[in-house]
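Q: Mind looking over this structure? Questions follow.
The values are calculated or read from the model by the stated rules, or taken from the named source; none is laboratory data. Since we're looking at a predicted model, the values are computed, not measured. Backbone-built Cβ (ideal geometry, glycine too); neighbour counts: all protein chains shown. Surface areas here come from the heavy atoms of the whole protein model, side chains and all, with no ligands, DNA or RNA. Shrake-Rupley method; radii C 1.70, N 1.55, O 1.52, S 1.80 Å.
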Amino acid sequence: MPHKFRRRTLSATIKAACLLTLFVSYPLVLRAETSASSVLCRPDFATARRNELASKLRAITGWYDLRFNEKGELRASQQAYSGGSETARNLLAAAMAGEKLIVLEEASNRTDVVFCNVVEGQWTKDAANKQPVYIVLIDFTDFSHVMGDSPALAAFNVGWGVLHEIDHVVHASTDLAQDGEAGECEDIINKMRRECGLAERAEYFFTYLPGSNTSDHMTRFVRIAFDERTPKKNKKKRYWLVWDAALVGGLEERKQVVARK
């Protein structure tokens, strides 16, 4: 089943009218700085948040010059990398040079956004002559509520969340998964984690921490498993992330909780 995008008008997303005419069509290669990138921030996306996201994406991709320029466009040189994930670099290169416009918007403390989410934008004028647009909503505060094992924390941050949503746009990947599976989109993100030497997400759905769903308290702790392969006998070591879903959300909106006996 394809990923479902909700629609949202773009007039509230990009305020500078000149930006609306910069994006035409691009081959899937990175262009010079004089050409527009198809991944950019809203004008009101705080500089500190831009820097935080760029730092996480640099660590994942190995692109040490990846940044948001003064126009809010995501930029990187294909040659300027060391280590990191080739799959992540290919994804961002395709996104930055692609025909679909991806607008990054801060959505911290919003109850309808669980970590990150992508919605389909809708032009308010002359839509037929403009490129498709998608808005990636990012709740930075949700990530601050996550606790757990260090190897799992390294494999789950705002950079990984944004890459997940961008893959939905670029590759039309889905989140469809059975209990105990990561799903199509997260399988791609797990490949990036392997290339970075990190633990992999074992499942898409988060589950209640034992006892949390029967508690009378306002907290509702949930968890997600991450697995790390060990050199000996091809065994896996399991790590956990835990957060309070009453703070982060997702108990009802996205139906991502699987109750287990």
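Q: Just the number please: accessible area per residue for segment 140-209, 1.4 Å probe, all protein chains included, in Å².
A: 36
Q: Starting from 0.36 nm per residue, how many nanometres of slack lie between Thr47 and Lys237 once their C-alpha separation is accounted for?
A: Here the answer is 64.6 nm.
Q: Any idea what the relative contact order of segment 141-189 is, in percent, if you count C-alpha pairs under 8 Å spaced at least 6 apart?
A: 26
Q: Largest first and in whole Å, give the semi-axes of segment 129-250's equivalent ellipsoid, each being the square root of 5 times a Cα gyration tensor eigenvalue.
A: So the three semi-axes of segment 129-250 are 25, 22, 13 Å.
Q: How compact is segment 42-175 by the rule of thumb for globular proteins, expressed as Cα Rg over 2.2 N^0.38 Å?
A: This ratio for segment 42-175 stands at 1.05.
Q: On a full-extension model of 0.36 nm per residue, what is the gain between Ser108 and Lys125, subtracting their alpha-carbon distance, rounded to one decimal in nm?
A: Values: separation 17, 0.36 × 17 = 6.12 nm, distance 2.84 nm.
Extending this stretch completely gives an extra 3.3 nm.
Q: Residue by residue through segment 98-107, what is 3J(HN,Hα) from phi via Karplus (6.51 cos²θ - 1.76 cosθ + 1.60, θ = phi - 60°)? Round to whole Hz and write x for glycine and proline.
A: Here the 3J(HN,Hα) series is x, 7, 9, 7, 10, 9, 8, 10, 6, 9 Hz.
Q: In addition: Express in nm, to one decimal, how much length is gained between Ala172 and Gln79 on full extension, taking 0.36 nm for each residue of separation and deducting their alpha carbon distance. Working shown, then result.
A: Numbers: separation 93, 0.36 × 93 = 33.48 nm, distance 2.71 nm.
Gain on extension, Ala172 to Gln79, equals 30.8 nm.
Q: Another question, then. Determine, for segment 110-239, the count of lysine pairs separated by eight or more sequence positions (or lying on different chains) whose alpha-carbon distance falls under 22 Å.
A: Numbers: Lys191/Lys232; Lys191/Lys233; Lys191/Lys235; Lys191/Lys236; Lys191/Lys237.
Value for segment 110-239: 5.
Q: Moving on to the next point. Take Glu228, Glu184 and sort them by solvent-accessible surface of the protein heavy atoms, 1.4 Å probe, largest at the top.
A: Ranking Glu228, Glu184 by accessible area, largest first, yields Glu184, Glu228.
Q: Count neighbours as other Cβ atoms within 10 Å of each site's Cβ, and list the trypsin sites (Lys or Arg not before Pro) in segment 71-111 that are DSSP loop with at most 16 such neighbours.
A: Filter output for segment 71-111: Lys71, Arg110.
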